[in-house]
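The values are calculated or read from the model by the stated rules, or taken from the named source; none is laboratory data. Keep in mind that what you see is a predicted model, and the values were worked out from it rather than measured. Please note: Cβ atoms are built from the backbone with ideal geometry, for glycine as well, and neighbour counts cover all protein chains shown.
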Amino acid sequence: MGDERLLVVGGGLAGARAAEGARQAGHTGPITIVAGEDAMPYIRPPLSKEFLTGAAERDVVDVFPADWYADERVEVLRGVRATGLDPAAHRLRLADGRTLDYGRLLLATGASARRWRAPEGELAGVHVLRTFADSEALRSALAVGGRRMVAIGAGWIGLEATAAARGYADEVTVIAPEAVPLAAAVGSAVGEVFAELHRANGVDLRMSTGVAGIRGEGGRVTGVELDTGETVPADLVLVGIGAVPETGLAEAAGLEVRGGIVTDASFRTSADDVYAVGDVASVYHPVLQSHLRVEHWANAENAGRAAGRSLAGEGVEYAEIPYFYTDQYDLGMEYSGYGTLADGIDPVFRGDRAAREFLAFWQREGRVVAGMNVNVWDVNDQVQQLIRSGARIDPARLADASVPLERLVAEASA
């Protein structure tokens, strides 16, 4: 494999880290990244956090400085989409008519924002938030200040953008069908913490509420009609209703796709010499003994590098614990764990929920399967150690802040 071309389809964090991982694993042949956007590979968390709030500028999103690619002999084809994959011929077709042969290929095509139905979703002032261009456009709209934004959806993107909007002194109404924000991600008990956070910052939360349609006049959005018949006035609307994995290339090539491109723990797909990673991949997880598709930054960061090593021929079995974080107003949070195992379980709290300084642990059969730290720092490694240990832990000791986490880790590891 040392001299064969490695192709990476996708110009995001996972693709860039894969190129890095392949070089670290000793691959000396050509590496080409096919980036659909006309940009060098970048990371997405700042797009709904520090870039959107105005606390940082464009360079905060770059995975590597521009000279890294030249130094590592990684070619980036910008603004070129892959339109066809022929696994049997080991050939990739591009939108500009070129074809590229490869030894091994990695699909890191990511996901795209789910948009509101046309023509309502095409009104001026209706935004989604997925790409740098999306974030730049939304930031410009929010930075005017004193405007009325409606966020459709109370997931991470909707709530982070809401916090940014409040920082610009914009009015915000959040509309979502579920009873509690983030309930699907972290459960109702923790979701209520975020609900109170946003209410305390002047956000009008309309939970258990559906949207009948987006309304406009003269080609520009004017409001959002609720299923109650009420129309909430809006100068801009953020549609934050999830993302769809970009599996079209894989499906057309005959790869196995079930909610994502199916791979083994080494990122190998059902086609020889074709791998997949990141938001688009449903990767077999040896701990869960099932496939898992994760749409968070840390997965692109860590799995991307591991996939690159696998692409270069190194033996890899990826078994990292999923991790994500958020920053909203004065609240910072980290979560590590297996959401599928934590689903439906009431967490054990340690600390002061009212002050928004606490840890939460989810246990299944007495074992910690997920943990979250809210405004409590330098404990995520210990949370992950508790999860990895697989030890049964008395929930009363988990809740008791007088028992140091270090002691619990030592006991769990004994």
Item to check | Out of Ala303, Ala265, Ala271, sole residue that is in the same structural domain as Arg104 (by TED's automatic domain parsing), assigned to a helix (DSSP H, G or I) and not acidic (Asp, Glu) | outcome: Ala303
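Among the strands (runs of 3 or more DSSP E) lying completely within the range 307-391, list those that include at least 1 residues that are in contact (Cβ under 8 Å) with a residue 12 or more places away in the chain and aromatic (Phe, Trp, Tyr).
Details: elements: 323-328, 331-337, 348-352, 357-364, 367-374.
Qualifying strands (runs of 3 or more DSSP E): 323-328, 331-337, 348-352, 357-364.
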Checklist entry - Name the pairs: first residue in the range 71-82 and at pLDDT 95 or above, second residue of a type in the set (Lys, Arg), Cβ to Cβ under 6 Å, at least 6 apart or on different chains? => result Glu72/Arg23
Checklist entry - Do we find that Val287 is closer than 30 Å to Val374 by Cα, hydrophobic (A, V, I, L, M, F, W, C) and part of a loop (DSSP other than H, G, I, E, B) in this structure? => result yes
Checklist outcome for this item: Per the filter on the range 130-182, residues touching a strand residue (DSSP E or B) at 6+ places or on another chain (Cβ under 7 Å), basic (Lys, Arg) and more than 16 Å from Gln328 (Cβ to Cβ) are Arg130, Arg147, Arg148
Checklist entry - What about Val277, is it of a type outside the set (Gly, Ala, Ser), assigned by TED's automatic domain parsing to the domain that holds Thr83 and buried (at least 16 other Cβ atoms within 10 Å of the Cβ)? => result yes
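Is it the case that some residue within the range 4-14 is without any contact (Cβ under 8 Å) to a residue 24 or more places away in the chain, more than 17 Å from Arg305 (Cβ to Cβ) and not in a helix (DSSP H, G or I)? Step through it out loud before you land on a result.
Quick first cut of the range 4-14, residues without any contact (Cβ under 8 Å) to a residue 24 or more places away in the chain only: none.
No: the range 4-14 contains no residue that is without any contact (Cβ under 8 Å) to a residue 24 or more places away in the chain, more than 17 Å from Arg305 (Cβ to Cβ) and not in a helix (DSSP H, G or I).
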Next on the checklist: For a quick check of your reading of the model, give me the residue pairs whose first member lies in the range 149-168 and is closer than 16 Å to Glu136 by Cβ and assigned by TED's automatic domain parsing to the domain that holds Gly202, whose second is of a type in the set (Gly, Ala, Ser) and surrounded by fewer than 24 Cβ atoms within 10 Å (Cβ to Cβ), with beta-carbon atoms closer than 8 Å and at least 6 apart or on different chains.
Outcome noted: Tyr168/Gly54; Tyr168/Ala143; Tyr168/Gly145
Next on the checklist: Just checking: which of the strands (runs of 3 or more DSSP E) contained wholly in the range 148-231 hold 3 or more residues that are surrounded by fewer than 19 Cβ atoms within 10 Å (Cβ to Cβ)?
Outcome noted: 211-217, 220-226
Item to check | Filter pass, Thr99 being at pLDDT 95 or above, surrounded by 14 or more Cβ atoms within 10 Å (Cβ to Cβ) and polar (S, T, N, Q) | outcome: no
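Does the range 83-96 contain at least one residue that is part of a helix (DSSP H, G or I) and either on the phi < 0 side of the Ramachandran plot or buried (at least 18 other Cβ atoms within 10 Å of the Cβ) (or both)? Step through it out loud before you land on a result.
We begin by selecting, within the range 83-96, every residue part of a helix (DSSP H, G or I); these are none.
Within the range 83-96, none of the residues are part of a helix (DSSP H, G or I) and either on the phi < 0 side of the Ramachandran plot or buried (at least 18 other Cβ atoms within 10 Å of the Cβ) (or both).
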Checklist outcome for this item: Selection from the range 194-252 of residues of a type in the set (Ser, Thr, Tyr) and over 30 Å from Arg81 (Cα atoms) yields Ser208, Thr209, Thr222, Thr228, Thr231
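Take the range 284-300 and flag every residue that is on the phi < 0 side of the Ramachandran plot and either assigned by TED's automatic domain parsing to the domain that holds Val369 or over 19 Å from the mean Cα position of the chain (by Cα) (or both). Before the answer, list the steps.
Applying the first criterion (on the phi < 0 side of the Ramachandran plot) to the range 284-300 yields 284-288, 290-300.
Once the filter is applied, which keeps residues that are on the phi < 0 side of the Ramachandran plot and either assigned by TED's automatic domain parsing to the domain that holds Val369 or over 19 Å from the mean Cα position of the chain (by Cα) (or both), the range 284-300 yields Pro286, Val287, Leu288, Ser290.
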Next on the checklist: Against the definition (touching a Gly at 6+ places or on another chain (Cβ under 6 Å), basic (Lys, Arg) and modelled with pLDDT of 95 or more), how does Arg93 come out, yes or no?
Outcome noted: yes
Item to check | Unmet criterion (only one of (1) more than 20 Å from the chain's Cα centre (by Cα); (2) surrounded by 21 or more Cβ atoms within 10 Å (Cβ to Cβ); (3) small (Gly, Ala, Ser)) for Ser270 | outcome: (2)
Item to check | Unique match (being surrounded by fewer than 24 Cβ atoms within 10 Å (Cβ to Cβ) and either touching a Cys at 6+ places or on another chain (Cβ under 9 Å) or modelled with pLDDT of 95 or more (or both)) among Gly26, Gly21 | outcome: Gly26
Checklist entry - Is it the case that some residue within the range 199-214 is in contact with a helix residue (DSSP H, G or I) (Cβ under 9 Å, 6 or more places away or on another chain) and free of Cβ contacts under 8 Å to residues at least 24 places away in the same chain? => result no
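Taking the condition among the hydrophobic types (A, V, I, L, M, F, W, C), free of Cβ contacts under 8 Å to residues at least 40 places away in the same chain and assigned to a strand (DSSP E or B), does Val144 pass?
Values: among the hydrophobic types (A, V, I, L, M, F, W, C): yes; free of Cβ contacts under 8 Å to residues at least 40 places away in the same chain: yes; assigned to a strand (DSSP E or B): no.
Answer is no for this residue.
Among the listed residues Trp68, Trp116, identify the single one that is of a type outside the set (S, T, N, Q), farther than 19 Å from Glu4 by Cβ, out of contact with any helix residue (DSSP H, G or I) (no Cβ under 8 Å at 6 or more places or on another chain) and surrounded by 18 or more Cβ atoms within 10 Å (Cβ to Cβ). Walk me through how you get there before you give the answer.
Working: Trp68 fails: surrounded by 18 or more Cβ atoms within 10 Å (Cβ to Cβ).
Of Trp68, Trp116, the one residue that is of a type outside the set (S, T, N, Q), farther than 19 Å from Glu4 by Cβ, out of contact with any helix residue (DSSP H, G or I) (no Cβ under 8 Å at 6 or more places or on another chain) and surrounded by 18 or more Cβ atoms within 10 Å (Cβ to Cβ) is Trp116.
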